[in-house]
């Protein structure tokens, strides 16, 4: 259950790339691939995408567990994910999505100290199987081009 008045967990600003993105003043958003922020969350492009349009949605607070989130943060994160799905459907013609959270290192979380959801657009016949078969990824759009497209939709 969310704890409404808990102190915000903290991490050194340089220790966590999601904290750096969350605390940014906007001046490094392109370099950090931050495409949007809300009152409680930050959205960044995944630098190592599974598919074109792969986004990470994270709370601003450095929280490692769902129980560490307030009700407002939880609602904001889910509303942000829903908005992103609508934007990706409209702008990238995505036909489906994988949305997931790896909770803890043993569950595959590459950054177990800072919660983040993966939003991965999917299309019929996409090339998502390539990394499994050939250790290669096929991405049809550069991260810079995708940043431009999504930033126009998500920037304040």
Relative contact order of the range 19-154 (C-alpha contacts under 8 Å, at least 6 apart) in percent is 28 percent
Under Stokes-Einstein, the range 19-154 at 10 °C and 1.306 mPa s, with its Kirkwood radius over C-alpha pairs, diffuses with a coefficient in µm²/s of 103 µm²/s
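Each reported figure results from applying straightforward, stated rules to the coordinates on display, with no laboratory input. Quantities reported herein were computed from a predicted structural model and do not represent experimental measurements.
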